[in-house]
Structure formats: C-alpha cells, structure tokens
C-alpha cells in the first residue's frame, strides 16, 4: 500500500482531530501529524490520538525550537512515544521570526543553529537520561529525566524550505519535512540531501522525504479551490519565507500583490488575488479522483511520504476534513 500521511493545523478542536485521526487509521493512512501555531497543543492532541489508535505513526509538523525549551521538547516527545508504544516521530523546525517575536515575546536568532542544537540536546537526553550542553543558542547547565523513555532514540525530522537546511537533513536528520512544494522539488531535495549525506558519511536513502500539501477535495472543483485560497493568501502575504518561495516558484508579481494587500489589512482582496495556477502549483485541489492523481504525481516526483493537510474551517470543519481524508485515502 502506498504511504500517505495526514496533517492537522487549524479548524478542528482536539476531540475532532482525534476522531479524524481514527478515521485516517481505519482507511490505511501511514501517519497522523500535528502542527501547533494556533491550532492547539500538539503533544497533548497527539497523546489523545495515541490512546485512541494502535497502528498509525504520530508526528509533529513541526515543533518550534524557539517556543519550547529543548528539554521540554525531549520530555514531551518521550511521553507521546511511550503512550503510542514507539510510534512517534519528532518534527523540528525554526518557525518564523514574524511569529516567534511578536506572538511569543522571544528573540529569534540563528534559526538553523537552534534547530541543530535542540536536536542534539534531545538525542542526548533521551539516550543518557541526563544532559549538560553549551552551544551557541542552547545552554543547559544540567537536566535529568526522572523517568525511563520508551526508546533511547526516536526519529527526528527537520523542516526545510531552502537548500542549506535540506542539505543539513542529509547530514544528520532521519527525515525532511517540506511544505507547499511544486512537483520539481522532490528531485532537487534529493540532490541536496545526497550532498549532505556524502559529507557526513551517511546513506542518503535513509532520509525520509516528506512534504505537507494543503488539500481540499470536493465534487465541484471550484469549491475546493475556494477552500484553499485563504490559506495560500495568508502564507504568501504574512510569511516572508513563503512569499520568497512563491516568487521562486514563478508567482513573483502575484506574491508581491498579495503581500501588499495583506500588509494593508485587505485580507479579502489578498485572497481574491490568489490564482488557480498558484493553488495548482503548491496544493492539491479538485475532485477525489484529481486529488489521488496529484498525490501519485508527488510520489513519482521523489517524495516518499505525501502528507495531505485538509483545509477546513467554520461550523462544518470536521465534515470538510473527513471528506478530504476519505477522498485521498491510500489505495
């Protein structure tokens, strides 16, 4: 059976996410992933999912290395791993300066170094039960676990958008989490991973290449595109990193317009500025048949694990998410 994951980030409460995760497991999905941002405490939700499932893998996509301390991340990961009996994957990333500083009141500095040092602390703490660490961005005088982790090590995936971080995944991560990628990125990412793995003496094939893909399935394709348009507008308009991605993907003029409108608070106009072509390039939208075809296209492009991210909101959010999960179920 082909591997497909499902990721949740917004629109559902914790109980609804658990029910959708149970549905995904029953339909043969490989894994269930939880973002954090503004969508709920990811480790708490995944603990609930762990208690109500038995097979599906569980992962964070991603856990920010700025808004939690490294020992806190390690403990949280160990708890979900124990509750799920070894089904947990820790996805780490740097998040964004425009979130970390104004929303959390924390300093955002040296994000790549922070990811690597946090991962090192997590690995040492789970392996040894104790860690002292002096890095550029992380300093731990001494921290001890007062419980025995289920596993002394667990898979750690890094989120990456640009070549430098993708190469670092090849050097030291168990997996790569891409997001909002076009079909040509899989092969490019594998080249960067191979270079990093070669430098570190690793097998590049050991790195699991995944991508998060905003997804909406509907009998009327127009409904699916409209469901995805606000999310594309927000990412392109609010996050400088994703605006740059949109420019690199060939949507420079559109990205500039969206950012300008978003910056002026004209959210509806920014949403209308998102073209169907932009959605087609970085999302999965359309009928169930069309969605399944796009998932296979991502797989053929070099992605080991396509992860659909159902776009759902409003009073019918759960029903929307369930419809997309059913439409994209692995065959």
Taking the chain and dividing mean pair separation by its residue count, relative contact order in percent (alpha carbons under 8 Å, at least six apart):
19
With 0.36 nm assigned to each residue of separation and the Cα-Cα distance removed, residue 26 to residue 144 gains 38.6 nm
Cα gyration tensor of segment 220-282, axes a ≥ b ≥ c as square roots of the eigenvalues: rounded (a/c below 1.5), prolate (a/b > b/c) or oblate?
oblate
Identify which of the listed values of mean projected area of the Cα convex hull in nm² was calculated from the structure shown: (1) 16.0; (2) 16.9; (3) 19.8.
(1)
How far apart, in nm, are the 7 Å Cα→Cβ label points at residue 67 and residue 127?
3.0
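Could you give the length gained on full extension between residue 2 and residue 280, defined as 0.36 nm per residue of separation minus the Cα-Cα distance, in nm? Let's see the in-between values first.
Details: separation 278, 0.36 × 278 = 100.08 nm, distance 2.22 nm.
Difference between extended and current length: 97.9 nm.
Let me check against my output: what whole-number percent is the relative contact order of segment 269-331, with C-alpha pairs under 8 Å and at least 6 apart?
This gives 29 percent for segment 269-331.
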Label segment 1-99 by shape, choosing from rounded, prolate and oblate, from the square roots a ≥ b ≥ c of the eigenvalues of the Cα gyration tensor; if a/c is under 1.5 it is rounded, and otherwise prolate applies when a/b is larger than b/c, oblate when it is not.
prolate
Taking only Cα atoms, what is the 0 to 90° angle, nearest 10, from helix 288-300's long axis to the longest principal axis of the chain?
50
Given labels modelled 7 Å from the Cα in the Cβ direction, how far is it in nm from residue 41 to residue 200?
3.1
Rounded to the nearest 10, the angle in degrees between the Cα long axis of helix 163-172 and the longest principal axis of the Cα atoms of the chain comes to 40
Taking the Cα of residue 188, stepping 7 Å toward and past its beta carbon, and measuring to each backbone N in segment 195-236: which are under 18 Å?
195-196, 209-214, 236
Just to confirm the number: angle between the C-alpha axis of helix 317-327 and the first principal axis of the chain, 0 to 90 degrees, nearest 10?
90
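With a/c under 1.5 counting as rounded, go ahead and sort segment 30-151 into rounded, prolate or oblate using the C-alpha gyration tensor (a ≥ b ≥ c being the square roots of the eigenvalues; past the cut-off, prolate if a/b is larger than b/c, else oblate).
Details: a/c = 2.25, a/b = 1.22, b/c = 1.85.
Verdict is oblate for segment 30-151.
Work out the FRET efficiency for residue 104 and residue 289 from their Cβ-Cβ distance, taking R0 = 51 Å, and round it to the nearest 0.05. It would help to have the intermediate numbers written out before the result.
Working: r = 42 Å, r/R0 = 0.83.
With R0 = 51 Å, the Cβ-Cβ based efficiency is 0.75.
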For Cα pairs less than 8 Å apart in space and 6+ apart in sequence, what is the mean separation divided by the residue count of segment 1-126, i.e. the relative contact order in percent?
22
So how far, in whole Å, is the C-alpha centre of segment 302-331 from the one of segment 72-111?
23
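Of all DSSP beta bridges in the chain, what percent run antiparallel (nearest 5)?
Values: 4 of 38 bridges.
Approximately 10 percent, going by the DSSP bridge assignments.
Since every read-out is calculated from the coordinates, none of them should be taken as a lab result. The model shown is predicted, which means the values in this text are computed figures rather than measured ones. Neighbour counts are summed over all protein chains in view; Cβ atoms, including those assigned to glycine, are modelled from backbone coordinates with ideal geometry.
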